Amino acid sequence: MFTLFSTVVLSLTQIASIYLILKYKKLLYTKDVTISELYKYQQSFESLLKQRKRRNLFRAKVQNGRCEFYFSRIDGKPVVSSKKNKGIGKIVDIGYIDMRFMFEHDISVRKNVELTLTLYLENELFHLYGKLIRKEEFAKQHQMIYTIKFTDLYSYDQSRLYQLLRELERKEQKIYR
């Protein structure tokens, strides 16, 4: 009787052990599937990030580029149009999300300054909107270089600018190959 009881207990213990092992293997399998899916997502996001960084890093040097601008908002308040609120700058370079230009007058970057820009690049006219984010001063030249981050990235002119910059980037890559 004792041996029968011990055999039943032993077999129940073995069954419980097998059940736990199978349950653990199933849990490990689901975790492995989740890990592999996350790894695929990570790879796709990394490739998208590389594309984004590549586009952000490309800057087209502009020769004899002019930009006309006027202040549209300062500290969130609309600016009344006048001759004092307009200016003409020389474009230094332009990227997918921002532009640098030279201007001889001092503009405060501490204030939230929004600009409306009119650019003429590669025989095309662009109307863009941007926010002043940085200023570099050059005392010897009496010039300031300002960086403007484009704010309306979904406008028609912005998409045309993207196309133009992609073409310039391809041309530059062909030159260096």
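The values are calculated or read from the model by the stated rules, or taken from the named source; none is laboratory data. If you're wondering where the values come from, they're calculated on a predicted model, not measured in any experiment. Cβ: placed from backbone, ideal geometry, glycine included. Neighbour counts: every protein chain shown.
Just a few scattered comments:
- The set of residues in region 88-129 being among the small types (Gly, Ala, Ser) and within 21 Å of Lys61 (Cα to Cα) consists of Gly89, Gly95.
Yes/no matrix, rows are residues, columns are (1) within 25 Å of the chain's Cα centre (by Cα); (2) among the β-branched types (Val, Ile, Thr); (3) assigned by TED's automatic domain parsing to the domain that holds Phe126:
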{"residue": "Thr30", "(1), (2), (3)": "no, yes, no"}
{"residue": "Leu38", "(1), (2), (3)": "yes, no, no"}
{"residue": "Ser44", "(1), (2), (3)": "yes, no, no"}
{"residue": "Leu49", "(1), (2), (3)": "yes, no, no"}
{"residue": "Gly65", "(1), (2), (3)": "yes, no, yes"}
{"residue": "Lys77", "(1), (2), (3)": "no, no, yes"}
{"residue": "Val80", "(1), (2), (3)": "no, yes, yes"}
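- Selection within region 134-153 - assigned to a strand (DSSP E or B) and either exposed (fewer than 13 other Cβ atoms within 10 Å of the Cβ) or of a type in the set (Ser, Thr, Tyr) (or both): Arg134, Glu136, Glu137, Phe138, Tyr146, Thr147
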